[in-house]
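Engineer: Let me give you the structure first, and then I'll get to my questions.
The values are calculated or read from the model by the stated rules, or taken from the named source; none is laboratory data. What you see is a predicted model; the values in this text were computed from it and never measured. Using ideal geometry, Cβ is built from the backbone for each residue, glycine included, and neighbour counts are taken over all protein chains shown.
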Amino acid sequence: MTTLRLHPRVRLVWALRAALLAAFLTLPLAAGAYFGYLPEWVPIVAGAALLAVGVGHALLRYRRWSYEIREDALYLDRGVVTQVRTAVPLVRIQHVDSRRGPVERGVGLASCVVYTAGSRGADVRIPGLTPERADDLREELKRLAIRADGEDAV
Amino acid sequence: MKLAVQSIPYRALQKVSGVVILLFFLATANDWGTHVAVGASAAVLAAAGAYEVAYYRRFDYELTADTLDISSGVISRREREIPYRRIQNVDVSRNVIQRAIGIAAVDLETAGGSSTEGSIRYVTPAEATRLQREVQRRKSATKARAGGTGSATGVGTATGAAGDASDGDDFAEPVEEDLFAISPGELALVGALSFDGRLIGLLAFVASGSVPVLSGFLPASSAALLTATAVVGLGLLVLVSWVIGAVVAFSNYYGFRLSRAGDELRYERGLFRRYSGSIPTEKVQTLTISDNPAKRALGYATLSIETAGYAPGQGGDYGSQAAVPIAATDRVYDLAREVEAFGDPEFSRPPTRIRWRYGFRYAMVVTLLTGIAFAIDWWVAATLPWYGPLALLLVVPLAAHLKWKHRGYWLGENHLLTRNGFWSRQVKAVPYYRIQNVIDTRTVFQRRWRVATVVADTAGTGSIVGGDAAAVDFDVTEAVTLREELTDRLQDALVERRARREPFEWLDVDDTDTDDTDDEEDTDTDEEAGTNDTSETTADGVDADDSTTSGDAELDETEPDDTGPGDTAADGVVRPEFGATDRDYSQPAETVDTGDYAVDHHPSDADVAYKGDENGDDGLDGFDDDDGEDEAEVDSENGVDDGENGVDDGIDIADAEDDVDDDTEGDAEDDEKRRSDR
């Protein structure tokens, strides 16, 4: 199987999230400026910087994200600051969700969450899928997990 | 069964004692007079007592054939059935008061859920012990029954002590064999060596509150005095935390005893609060052997065993302390190998360049410390030797070297071992079979040094005992190899397990000899079944050949499995190729890691598929070996299952074939079938 990428529109989701976070973080600064404790440019600059970092992160994140279903495991490769590569053996899959958050619904995307019994990587999420793709992926992983015949989760 | 009657007043008092004390406090503070307080307390107590009487009346537990049923709840009722096979740990604890009035708390853990699944508060100690034993007995009994009526003698022989003479329901209590009992000297050592660094932090936090008070007593601060106070204070902190740690450890491990009964470990410990519990060896996820410089110098180490039963946050009480608190290092390794035979590890270390990384890191910490010292110096305007911390730079190379030296990993035959930490060194052994997923992380800083960390995640308690087994800071290429190797070995382990399990299932396809578990015949029939190609299970890599090839052995429905002629002896009998594994068969099975391999725990698994209906089993329980199954297994075998039942019922094998053919397209149906099967 070839390496699969996320839907490009996921950048929008992440950028929106970054914007929300930036807004949230600049709120106290903005309040400070409003009441005259800080010069006016502080919240603007801070907000712009945060937004730039967030959006940059979102773009890099998209470029980095890939996943792959191989014959025995699901491989994920992601992470900007800390690169994380996860191998989830198909036999270890407990259950699979496809889900859509409000923002994701807004841009017409969905994600797929794979659960294992592990303690650290108990759930891995593949974001940025079209709803059909998320459902397909869920079905496919379910089928593969069943086929892989895991006899004992723990 | 009912709870102990004494539990009513105990529970009531336990619940409302806080309220009562608060009431008295309020009464004295507000001048209500004692009679009001007494009256109110009496009312509260009466209400609590009434509730507890109702609770007592409602609470009922029962040991049925397959499950432990607990019905409880006064306001909202709850009926809970816990299958014996799913119970991971049974823990009993009694604190001082509970011991005085003769009650004990019983907790049953299963792998799922975030809290204790079955909690019985409180029963008499005798009843608690009975429960503990009975659950294990019935667990083995269910297992034996699931294994059919054929031959129950093989069950538990691998563990040596298990009931060797019983069958069916009348499973005898297995012989208990002492593994370890703490000696007074060791107990003293536990106390002396259990220095908990975290306590210092806590105490420092508490003590920092008293600094302003103390500073009032101090005369004009001179440099020498300040330093002296700091040193004395620090020394006191260390001393106090050490004493606290020693007392806690002493009371925790007083009278520690570890024994093995059949396929589970049992432990007992505690001075004030007595704990006893059981750990099923087959559910062990990770073994951790930890030590610190002091212990290493004296040649001691600690062993802890993780099972999946304990959810994060509750492991502190039982899970992490369930193993050997201290023993000579050799002894600890021997005990650990009793549980998981991982052989003699030879750790490989990270690349030497990584020492520079640690060196830089420590140098940065030293610089930071110096900076803080300077800031303090500037702040109090005294002439402290703020550059003192710089002396630590001398130790940095050594520290970096030690850090590097104590890292490592080793790929054993069936286990991954990792080692980390100098001050608190942890060697973790994870059976490949228990790996849940493999994670490879590289932080920005690690990328600069072209290294990565590989984590083998298991279903253990994780965060409690310091996280998963991790090979930290290995070269990127090595890390990638390791990651792939781990997933491959997991697949191998799975294939091996399946290979162990499945020959027996096919035993009776053309051979009705049910109680024979001879290897030759197994493989033989297996081979024949394979050529018949009746179902996907056959193609599933049953014979030993396939266990060497990793991934592809899983389930190609079409692969004809008649490829094992390499072993065909002159008599035409195909023997399993034991040479395919590197196991050492030169020693008795009990002392080597049989890993359930050489000795078959459940030779009679073969009967399950047919005998299932006799037992009223739906074949669901029938299939799993000791470890139970998960859904995926049931799913994928459903078709096969039916096939076998079909054979048993005298229906043609062709049925089974059809079943399998449908299998691929009819996943949804399959699912439904499974549900209805349940």
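Engineer: What are the residues in the stretch B:48-64 that are out of contact with any helix residue (DSSP H, G or I) (no Cβ under 8 Å at 6 or more places or on another chain) and touching a residue at least 24 places away in the same chain (Cβ under 8 Å), if any? Explain how you work it out, then say what you get.
Structural biologist: Taking the stretch B:48-64 first, the residues out of contact with any helix residue (DSSP H, G or I) (no Cβ under 8 Å at 6 or more places or on another chain) are B:50, B:54, B:57-62, B:64.
Listed by number, the residues that qualify are B:Phe59, B:Asp60, B:Tyr61, B:Glu62.
Engineer: Please specify each residue of the stretch B:442-459 satisfying the condition of being at the interface with chain A (Cβ under 7 Å from one of its Cβ atoms) and part of a strand (DSSP E or B).
Structural biologist: Answer for the stretch B:442-459, where residues must be at the interface with chain A (Cβ under 7 Å from one of its Cβ atoms) and part of a strand (DSSP E or B): B:Arg442, B:Val455, B:Asp457.
Engineer: Test A:Ala58 against the criterion of being within 17 Å of A:Ile126 (Cβ to Cβ), surrounded by 15 or more Cβ atoms within 10 Å (Cβ to Cβ), more than 13 Å from the chain's Cα centre (by Cα) and among the hydrophobic types (A, V, I, L, M, F, W, C), and give yes or no. Let's see the steps before the verdict.
Structural biologist: Numbers: within 17 Å of A:Ile126 (Cβ to Cβ): yes; surrounded by 15 or more Cβ atoms within 10 Å (Cβ to Cβ): yes; more than 13 Å from the chain's Cα centre (by Cα): no; among the hydrophobic types (A, V, I, L, M, F, W, C): yes.
Taking the combined requirement at face value, the residue does not satisfy it.
Engineer: Taking the options B:Glu173, B:Glu134, name whichever one is among the acidic types (Asp, Glu) and modelled with pLDDT under 80. Explain how you work it out, then say what you get.
Structural biologist: Working: B:Glu134 fails: modelled with pLDDT under 80.
So the residue among B:Glu173, B:Glu134 that is among the acidic types (Asp, Glu) and modelled with pLDDT under 80 is B:Glu173.
Engineer: So, in the stretch B:330-362, how many residues would count as being part of a helix (DSSP H, G or I) and crowded, with 16+ Cβ neighbours inside 10 Å? Walk me through it before giving the result.
Structural biologist: We begin by selecting, within the stretch B:330-362, every residue part of a helix (DSSP H, G or I); these are B:330-339, B:354-362.
Next cut, crowded, with 16+ Cβ neighbours inside 10 Å only: B:331-333, B:335-339, B:354-355, B:357-359, B:362.
Of the residues in the stretch B:330-362, 14 are part of a helix (DSSP H, G or I) and crowded, with 16+ Cβ neighbours inside 10 Å.
Engineer: Next question. Return yes when B:Ile439 is touching a strand residue (DSSP E or B) at 6+ places or on another chain (Cβ under 9 Å) and within 14 Å of chain A (Cβ to nearest Cβ) and no when it is not. Can you show your working first?
Structural biologist: Numbers: touching a strand residue (DSSP E or B) at 6+ places or on another chain (Cβ under 9 Å): yes; within 14 Å of chain A (Cβ to nearest Cβ): yes.
Yes, satisfied.
Engineer: So which residues in the stretch A:46-91 are hydrophobic (A, V, I, L, M, F, W, C) and facing chain B (nearest Cβ under 10 Å)? Let's see the steps before the verdict.
Structural biologist: As a first pass, look at the stretch A:46-91 and keep what is hydrophobic (A, V, I, L, M, F, W, C): A:46, A:48-53, A:55, A:58-60, A:65, A:69, A:73-74, A:76, A:80-81, A:84, A:87-88, A:90-91.
Result: A:Ala73, A:Leu74, A:Leu76, A:Val80, A:Val81, A:Val84, A:Ala87, A:Val88, A:Leu90, A:Val91.
Engineer: Quick check on the stretch A:25-34. Is at least one of its residues out of contact with any helix residue (DSSP H, G or I) (no Cβ under 7 Å at 6 or more places or on another chain), free of Cβ contacts under 8 Å to residues at least 40 places away in the same chain and not in a helix (DSSP H, G or I)? Spell out how you get there, then give the answer.
Structural biologist: Step one: list which residues in the stretch A:25-34 are out of contact with any helix residue (DSSP H, G or I) (no Cβ under 7 Å at 6 or more places or on another chain), which gives A:27-28, A:31-32, A:34.
Remaining after also requiring free of Cβ contacts under 8 Å to residues at least 40 places away in the same chain: A:27-28, A:31-32, A:34.
Still in the list and also not in a helix (DSSP H, G or I): none.
No, the stretch A:25-34 contains no residue that is out of contact with any helix residue (DSSP H, G or I) (no Cβ under 7 Å at 6 or more places or on another chain), free of Cβ contacts under 8 Å to residues at least 40 places away in the same chain and not in a helix (DSSP H, G or I).
Engineer: Which numbered condition trips up B:Arg296, out of (1) in contact with a helix residue (DSSP H, G or I) (Cβ under 7 Å, 6 or more places away or on another chain); (2) part of a helix (DSSP H, G or I); (3) modelled with pLDDT of 85 or more?
Structural biologist: Going through the list (1) in contact with a helix residue (DSSP H, G or I) (Cβ under 7 Å, 6 or more places away or on another chain); (2) part of a helix (DSSP H, G or I); (3) modelled with pLDDT of 85 or more, B:Arg296 breaks only (1).
Engineer: Looking only at the stretch B:254-285, which residues are closer than 16 Å to B:Ala105 by Cβ and of a type outside the set (Ser, Thr, Tyr)?
Structural biologist: Listed by number, the residues that qualify are B:Glu268, B:Arg269, B:Gly270, B:Phe272, B:Arg273, B:Arg274, B:Gly277.
Engineer: Check the stretch B:99-106 and report whether any residue there is modelled with pLDDT under 85, surrounded by 15 or more Cβ atoms within 10 Å (Cβ to Cβ) and assigned to a loop (DSSP other than H, G, I, E, B).
Structural biologist: No; the residues of the stretch B:99-106 include none that is modelled with pLDDT under 85, surrounded by 15 or more Cβ atoms within 10 Å (Cβ to Cβ) and assigned to a loop (DSSP other than H, G, I, E, B).
Engineer: Further question on the same structure: Could you run through the stretch B:244-268 and say how many residues are closer than 16 Å to B:Ile326 by Cβ and small (Gly, Ala, Ser)?
Structural biologist: Total satisfying the criteria: 5.
Engineer: Say whether the condition of being at negative phi and modelled with pLDDT of 80 or more is met by at least one residue in the stretch B:215-228.
Structural biologist: Applying the first criterion (at negative phi) to the stretch B:215-228 yields B:215-228.
Among the residues that remain, those that are also modelled with pLDDT of 80 or more are: B:228.
Scanning the stretch B:215-228 turns up at least one residue that is at negative phi and modelled with pLDDT of 80 or more.
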